[in-house]
1. Using only Cα atoms, figure out Rg for segment 157-318 and give it as a multiple of 2.2 N^0.38 Å.
2. Over what distance in Å are the Cα centres of segment 276-298 and segment 220-272 separated?
3. Relative contact order of the chain, please, whole-number percent, based on alpha carbon pairs below 8 angstrom and at least 6 residues apart.
4. So how far, in whole Å, is the C-alpha centre of segment 94-153 from the one of segment 305-328?
5. To the nearest 10 degrees, how steep is helix 157-171 against the longest Cα principal axis of the chain, on a 0 to 90 scale?
6. Tell me the relative contact order for segment 157-318 as a rounded percent, counting alpha carbon contacts under 8 Å between residues six or more apart.
7. Based on other C-beta atoms within 10 Å, arrange 230, 108 from fewest to most.
8. For the pair residue 173 and residue 302, how long in nm is the line joining their label points, each one 7 Å along Cα→Cβ?
Ligand code: NAI
């Protein structure tokens, strides 16, 4: 029998946590034949609710779920972790400046990065979901000098999936007919969903759409502002779709992308496409043998260049701000 994979989930008592844990336990994160142990991290006020969720997980009698432990100490929560899903974060509240937001999150993701460095398993793979995801991932990475930098990633898969859904609707095709779509840059309103290299049922997506006005004025803003639209409609932020994207991200990372296709993920830049080295930016990526690789050699047209640069500029500003605050 296989040794269970230790999956540490932070913010386990939150709304994404509630949608995420059951899918991890039912085998969707790593595969239907991979047993898992859950290690839940919460702040002390969240522990009781996490215990309630753990009771419900017990009540599902999931055959793959081999244990649940709940912690309020990151060092204990990340002990032996093979996968870390960093969901808990400090949200922006009314009147909060960017510096305050980054500082508050630095106080979470710095110590968690160090806890990962000191306690996680050698094969640890980290996905940061909590916002600002790219910069939180950068902070965590900087506190984990002994972990290979490419093990720290940020989630833009929800943006990717949103873009696939919008494009498939526009063209009247199935979502599985859409390949090679890319989210570039920051997981924020500046992100750039790029269909110029995408294929739809074997045809170039931009040519199939053949409508730059729709692209600029509908598609891109709809994808970039989808989070706000969900809040307006639901009265709460995206949770099940965010959890689903986290599942997709890790499943793809560990099980690979299909031949000829790619996905989007926030990964550490090696300087590709003019994105400064060391920044965690969304790129087109393939996955093989548990490693993401940035797709190389794509032609970037003027339309795309301006939008990639704008989002990367925001990432540079966030990096400079956390540097100034002494968080990295
Ligand atoms: P939530 O507020 O329902 O839950 C967050 C949970 O994190 C709470 O239970 C809280 O007690 C816990 N928490 C806070 N600080 C913690 C710490 N230091 N250690 C452990 N747990 C801690 O929020 P929700 O809806 O679950 O969202 C979580 C995060 O995910 C937010 O930052 C949100 O902005 C982000 N998000 C990211 C998306 C993406 O595409 N990257 C999409 C949707 C949400």
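Every number here is computed from the coordinates shown, using simple stated rules; none is lab data. Nothing here was measured: the structure is a model prediction, and the numbers come from that model. Ideal geometry is used to build each Cβ from the backbone, glycine not excepted, and the neighbour counts take in all protein chains shown.
1. Numbers: Rg = 15.0 Å, N = 162, 2.2 N^0.38 = 15.2 Å.
Taking the Cα Rg and dividing by 2.2 N^0.38 Å, one obtains 0.98.
2. If you average the Cα positions of each part, the centres end up 15 Å apart.
3. Dividing the mean separation by the residue count of the chain yields 17 percent.
4. If you average the Cα positions of each part, the centres end up 16 Å apart.
5. Here the helix axis deviates by roughly 40 degrees.
6. 26 percent
7. 230, 108
8. About 2.8 nm, to one decimal.
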